[in-house]
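Structure first, commentary second.
Since every read-out is calculated from the coordinates, none of them should be taken as a lab result. Source: prediction; values computed, not measured. Glycine gets a Cβ as well: all are built from the backbone with ideal geometry, and neighbour counts include every protein chain shown.
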There are 4 protein chains.
Amino acid sequence: MVSASANGGVHMPVRLGMVGGGQGAFIGAVHRIASRIDDRFRLVAGAFSSDSARAKASAAEFGVEEERAYSSYEEMARAESARPDGIEAVSIVTPNHLHFGPAKAFLEAGIPVICEKPLTARLEDALELQAIVQASGGLFVLTHNYTGYPMMRQAREMVAARELGQIRVVQVEYAQDWLTERAEDSGSRQAEWRVDPQKAGAAGALGDIGTHAFNLVSFVTGLTLESVAADLTAFVPGRRLDDNDHVMLRFAGGAKGMLWASQVAPGHENGFSLRVYGERGALGWHQEQPNHLWFTPFGEPKRLLTRNGPGARASSTRVSRIPSGHPEGYLEGFATIYREAADAIEARRNGNSIPPGTLFPTIDDGVEAMRFIDACLRSSAQDSRWTRLRSDP
Amino acid sequence: MVSASANGGVHMPVRLGMVGGGQGAFIGAVHRIASRIDDRFRLVAGAFSSDSARAKASAAEFGVEEERAYSSYEEMARAESARPDGIEAVSIVTPNHLHFGPAKAFLEAGIPVICEKPLTARLEDALELQAIVQASGGLFVLTHNYTGYPMMRQAREMVAARELGQIRVVQVEYAQDWLTERAEDSGSRQAEWRVDPQKAGAAGALGDIGTHAFNLVSFVTGLTLESVAADLTAFVPGRRLDDNDHVMLRFAGGAKGMLWASQVAPGHENGFSLRVYGERGALGWHQEQPNHLWFTPFGEPKRLLTRNGPGARASSTRVSRIPSGHPEGYLEGFATIYREAADAIEARRNGNSIPPGTLFPTIDDGVEAMRFIDACLRSSAQDSRWTRLRSDP
Amino acid sequence: MVSASANGGVHMPVRLGMVGGGQGAFIGAVHRIASRIDDRFRLVAGAFSSDSARAKASAAEFGVEEERAYSSYEEMARAESARPDGIEAVSIVTPNHLHFGPAKAFLEAGIPVICEKPLTARLEDALELQAIVQASGGLFVLTHNYTGYPMMRQAREMVAARELGQIRVVQVEYAQDWLTERAEDSGSRQAEWRVDPQKAGAAGALGDIGTHAFNLVSFVTGLTLESVAADLTAFVPGRRLDDNDHVMLRFAGGAKGMLWASQVAPGHENGFSLRVYGERGALGWHQEQPNHLWFTPFGEPKRLLTRNGPGARASSTRVSRIPSGHPEGYLEGFATIYREAADAIEARRNGNSIPPGTLFPTIDDGVEAMRFIDACLRSSAQDSRWTRLRSDP
Amino acid sequence: MVSASANGGVHMPVRLGMVGGGQGAFIGAVHRIASRIDDRFRLVAGAFSSDSARAKASAAEFGVEEERAYSSYEEMARAESARPDGIEAVSIVTPNHLHFGPAKAFLEAGIPVICEKPLTARLEDALELQAIVQASGGLFVLTHNYTGYPMMRQAREMVAARELGQIRVVQVEYAQDWLTERAEDSGSRQAEWRVDPQKAGAAGALGDIGTHAFNLVSFVTGLTLESVAADLTAFVPGRRLDDNDHVMLRFAGGAKGMLWASQVAPGHENGFSLRVYGERGALGWHQEQPNHLWFTPFGEPKRLLTRNGPGARASSTRVSRIPSGHPEGYLEGFATIYREAADAIEARRNGNSIPPGTLFPTIDDGVEAMRFIDACLRSSAQDSRWTRLRSDP
């Protein structure tokens, strides 16, 4: 065993509330574990469910006092902002159409928001939230959790240091298979809402996983996506939202790319991979082996970079907890977003600025992803015509 | 060691000539080795080079008698068709723009042709050759060699047996890095002609490797490509032909796909991979590990099928020479095309029909690939508009 | 995203103390994170360091009240066992030679012990501890954390269900490279004590990682190791403890195996892999890809089993937190040992029996590993003579 | 496509005979293909089978004239050595116990021998053959074909150049599964003789594949094996020869290693892998991906070296036929041994010395492997006592 990276210092845990995420909900459990890993949060309040019995039972299971188990987010925002020991942040882990309301309420109550992606079900809502954040100076953290993986920090730093030279091509894919058949008919609550335009918004796979792909490309490469040519398809009979998305990409400055998002691709569990090719080298990464990053300097042998291993850069070791060869996973990457949120909340609490190197996704990343969805929908509706994310060139 | 598959029987070797492929040429050497592996050909004549000294020296090296070392393909076609022991087949391994002339000459001389891909430099030439073949009943073998890999035969048979159910999505890519910089300026003859529109035709990477990708998709899936939306790019400054191609695919019957071909992708040596997703399962294959085929029946664990291993199907073992675990490679796959060409030539010689299971690519596959190139060029010229391979719907 | 496995229910967190693990210590941090992941512990006391300033600073960082930051484990055992809100368990994360003292003290104080491996520096100490546990009925959890990986639970269940038939061969290796050079001279505290016989005991790599390998073999196969033929080497000049171990294994019932442990194997970060071969099939696993398990039923294609994926068995999903394809890592596997410790402590608290399926390693596993070390040392000292773990046959 | 390595020059093919290898025999077919790939041999004579009808039919299939299809190797040696156009080399591809007789006969007739491994069924025979070769100055090539793989040449060159520093540890394994059940009862001729002490000699798996492992270790590392501690087992009931071998290794100079050979390891088709660890770096290779070689300079990221790719060394590209990324396989590696045999035969024919860089295995390698077998048998018979390959120290 070798020495671990230090992430020490004395911190007072942040008091956290949660909207959604009652018993049995997948993503709520993920947020709670992620908030605990670095011991920077205490879950003290929640509006875990609109079903009041489930809300109570959830609170009991999660160790939240009964009086702080609210039946609505409005009540929670009101009550908690009035308490001297009220929550210092809220996590919103509801389906897409229920991000906007709570986010607005807590921002208006002056409470920092940690929100699931995609930002909202509609681009207009996203823009309104953005305006609120800008006007209020509130803190908004979007859990595009894959940006928390150390090797994605490493990749970002390497691209910025121009180790690949100018970027030419980006190939990104996010493939899953859990909607290959009609999971929405077999009692999966998550499948139900994700294929329902009332709840998920106008995009299916594109909103759920395509936005992760888009976000990670932006995070790692720093490139601005200018336009898309998209071919969105719902393969499963009767499904109203896309379950397979083919998108060609054109970036400002001339780089090009392809994005494939699919939830009907047998054999892919969470098959998210990113490859970036530049004039002088390339990087490749696959989410299911998150501790590895392939790096090829053009004309030299491929190298397998490892988290905290030889060649690790500062931005990567900074968010790494244990030695190389001891795999960190999805929850640790997610926890890094939470830790950085805590750093930011603590900095505000103490009147300090956010520590350098903090890289959590923000409201602006969320709006950008909504523009991406919107452009893809418009392109696909026009027979894959190249469509700009922004009307002004 | 376990027992090998039998490919026995008594065969009289086919007398073979070659056009191009003089000393030092990569692909000529490949064809010669491929022709020898199963002992079905004897190289007895050649027009190896327009440079007469090089032609002579090549003949000496290849064991071809001096009098059958010709200085032009026209002379060779004339002389060999007049000899009682004249060649029974000719391999054409010249640059693209020099396929048409020799192919026409030998077909008109009644000599079977084994030709490198892409079929020709221009679609019109391809159509003219096709007409000649159809009119003459001549034999024409196109060396889309990747169809010779046993696991691609296996994949084709599995798709045909509907083990994947109806195909929905096809993801194919063929990425290399050897043109990342201006190899055409550093003395590589192959690089020179491949980026020269006079010699390669109007397509660069698309013609060289994109056609392999298209051909293999057709071979494995049996799907008919209906239309493409293509974004072809020449990234390297001053290059006149595409070196990176992004193409979205729509197949008859509703399947969709993406094709990426690139010769500016650092880290890829010969990175040709094919993935096919259907309603009930999926297949994945990578050319650099050609003895493996991933198969996922939906809802079951992934399986790693191996050449000649458990689960191997008849069409695969038929073209396999040695036991599983003893890797066959690129040359053996290529040799299978040659062996099947010999089977066909021998069948004609003896007045028999071609053996069932013979699957070498033909003039029609070559024409189809030229239509694919043509449609991509037209699409890319019209800002990636969806473009049909055939004008008639 | 698909639904997660449930691990719910209302639990009162266990009050935890820690011996060792002050600021900057690798394994202490791992234990703290592992104890938090499932929200089943609260760290409330500690004897973090014999250096009192460091002990205080550590307590502050870890959120432990100053009055419960003790300067010795003896004091801590005394004080905590006297408090009504005293600790309900203690984690011992000191170097090997400092396991025995604290473990004895806390067991005698009636406080359950969670202890790092190897159990002790000397076999005699291990046997004495075992006697204490047996006499007192105390709870003792040994953190052979790799048994917490879901795929190791899966493997164990599959072997027990005789999916491999009778086991014939076990190949296990645990290779690292961090002691390739004299890390003990360059300020690594961990390297220093691990190569010091006073602190580590008579075994170096064998104690540190060889015991993990031995333990995991026992856990997965259920086989009893009867004898060893060992060749232990210290390759690095001046090193007093083995840094490379070759061991042949003979199990009761006739199975055989090989074990390789090394800390001088460049390229291995934490290269722990286990392969088990039986009459009817085989399993293979590598710690650096812990979510995967290869399974080959003899005569059928290899299958890649995934955590929570198709083919997952109950014992595996039971200790899995998130869906397949979302990698869990080292910390989650470690956390499972902690969760099971909490289950056991809670069961005792409530007068219940330990939940079925709880599989944490115990004092007996620790003693068995000490016997393994002892037999290897004796064998190696006698020129690798086959040596029994127990004298009585 | 990039340019290939040149292996040109004008060569007169070597006239080759074969002993054994009649229709349907696996290894005979391999030798014939290997002899053809580089166009350096013509098969013109054979004693393909003791069954005369099969011998004739084989000759017809292989294109050998009827008068040169002999019914015994004695007759063939006599007749061919008397012909002016007699064979210039003979390949011996019979079962082990039938190597000695033909090898002796052809050596005494002054005809170079290319022989399958293991050299003989008994060490005494091997020593006698060695004496004959030494006395006669005859040419003897042993087809330890794995030394023909380009990446093994690369590895040898890197070790010799001290890129790993002094070697400390060698881990080699050769695992197959084809004898997991009683294949010898189900009509496999190969299985039958390989488990029959009358034909295979006193070693089963050890002779068939263990010798390959030993040979490759010697070839790559240049180390001299001094002693072994072996535990040989026949797991399958009723089998008289070992099917699983565990061997610990001690080399001159202090390096140590482990060797595992098994033919009862489900999931391994031809799982031959070699790993070498030195003071400054390590190499790893697996036969089923023969075009790859992992190289880790200690303290730097792992590198994936590829055949003919960046970092390829002269000894590797010298025996490589096609560009990187275009996989060469088992047959090409085998063909390299044949090509080098042809180089040596041609050099003798022309009174030249063998070209530098020629590295085919010789009679001495064969004798050394027989010593290895013998030492392992003696060790295993003495409860795995450390046993020297040579009695004199």
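Listed values, structure above:
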quantity: Spread of Cα-to-Cα distances over 20 Å intervals beginning at zero, given as percent, for chain C; calculated: 28, 59, 13, 0
quantity: Least to most buried among D:233, A:224 (fewest other Cβ within 10 Å first); calculated: A:224, D:233
quantity: Peptide B:290-302, shielding by other chains (average Cβ, 10 Å cutoff); calculated: 6
quantity: Virtual spin-label span in nm between residue D:72 and residue B:350, 7 Å along Cα→Cβ; calculated: 3.6 nm
quantity: Cβ-Cβ FRET estimate between residue B:381 and residue B:108, R0 fixed at 30 Å, reported to 0.05; calculated: 0.30
quantity: Rg [Å, one decimal], Dmax [Å, integer] - segment C:132-174, C-alpha atoms; calculated: 15.0, 39
quantity: Label 7 Å beyond Cα on the Cβ vector: residue B:135 copy-to-copy distances, nm; calculated: 7.5, 7.8, 10.6
quantity: Rel. contact order, % - alpha carbon contacts under 8 angstrom, at least six apart, chain B; calculated: 20 percent
quantity: Cα-centre dipole for segment D:14-145 with unit charges at Cβ (Lys and Arg positive, Asp and Glu negative), debye to 20; calculated: 220 debye
quantity: Cα-based equivalent ellipsoid of segment C:56-113: semi-axis lengths in Å, sorted from largest, via gyration tensor; calculated: 18, 15, 9
quantity: Magnitude of the charge dipole, the protein assembly as shown, Cβ model with Lys/Arg +1 and Asp/Glu -1, debye to 20; calculated: 0 debye
quantity: Bridge type composition, chain A - antiparallel percent by DSSP, nearest 5; calculated: 60 percent
quantity: Chain A residue with Cβ closest to the axis mapping A onto D, distance in whole Å; calculated: A:303, 3
quantity: The protein assembly as shown: calculated mean residue ellipticity at 222 nm from DSSP helix runs of at least 4, using -39500 (n - 2.57); calculated: -10000 deg cm²/dmol
quantity: Neighbour-count ranking [beta-carbon atoms within 10 angstrom, fewest first] of B:185, B:38; calculated: B:185, B:38
quantity: Teacher prompt: residue D:11 distances to equivalent labels in other copies, 7 Å Cα→Cβ, nm; calculated: 2.2, 6.7, 6.9
quantity: Inter-copy separations for residue B:50, label at 7 Å along Cα-Cβ, nm, ascending; calculated: 6.2, 7.7, 8.6
quantity: Dipole moment magnitude, nearest 20 debye, chain D about Cα centre, only Lys, Arg, Asp, Glu C-beta charged; calculated: 980 debye
quantity: Debye intensity ratio I(q)/I(0), log10, segment C:181-268, q values 0.12, 0.23, 0.25 Å⁻¹ (C-alpha model); calculated: -0.40, -1.11, -1.23
quantity: Segment B:76-118 versus segment D:49-115: alpha-carbon centroid distance in Å; calculated: 40 Å
quantity: Reciprocal of mean inverse Cα separation for segment B:11-121 (Kirkwood radius, Å); calculated: 13.5 Å
quantity: Span from the segment A:135-161 Cα centroid across to the segment A:330-393 one, whole angstrom; calculated: 8 Å
quantity: Viscosity 0.890 mPa s, temperature 25 °C, Stokes-Einstein D of segment D:263-342 from Kirkwood C-alpha radius, µm²/s; calculated: 173 µm²/s
quantity: Across C:302/D:256; A:302/B:256; A:104/A:199; C:56/C:104; A:302/B:117, pairs whose alpha-carbon gap is larger than 27 Å; calculated: C:302/D:256; A:302/B:256; A:302/B:117
quantity: Taking A:376, B:115 and counting other C-beta atoms within 10 Å, the order from fewest to most; calculated: B:115, A:376
quantity: Residues residue C:185 and residue C:51, FRET efficiency given R0 of 22 Å [Cβ-Cβ distance, rounded to 0.05]; calculated: 0.50
quantity: Projected area averaged over orientations for the protein assembly as shown, convex hull of C-alpha atoms, nm²; calculated: 55.4 nm²
quantity: Positive dipole terminus of segment D:302-393, leading residue within D:345, D:308, D:329 (C-beta point charges); calculated: D:308
quantity: Computed FRET value (nearest 0.05) for residue C:124 with residue D:198, which takes r as the C-beta separation and R₀ as 45 Å; calculated: 0.25
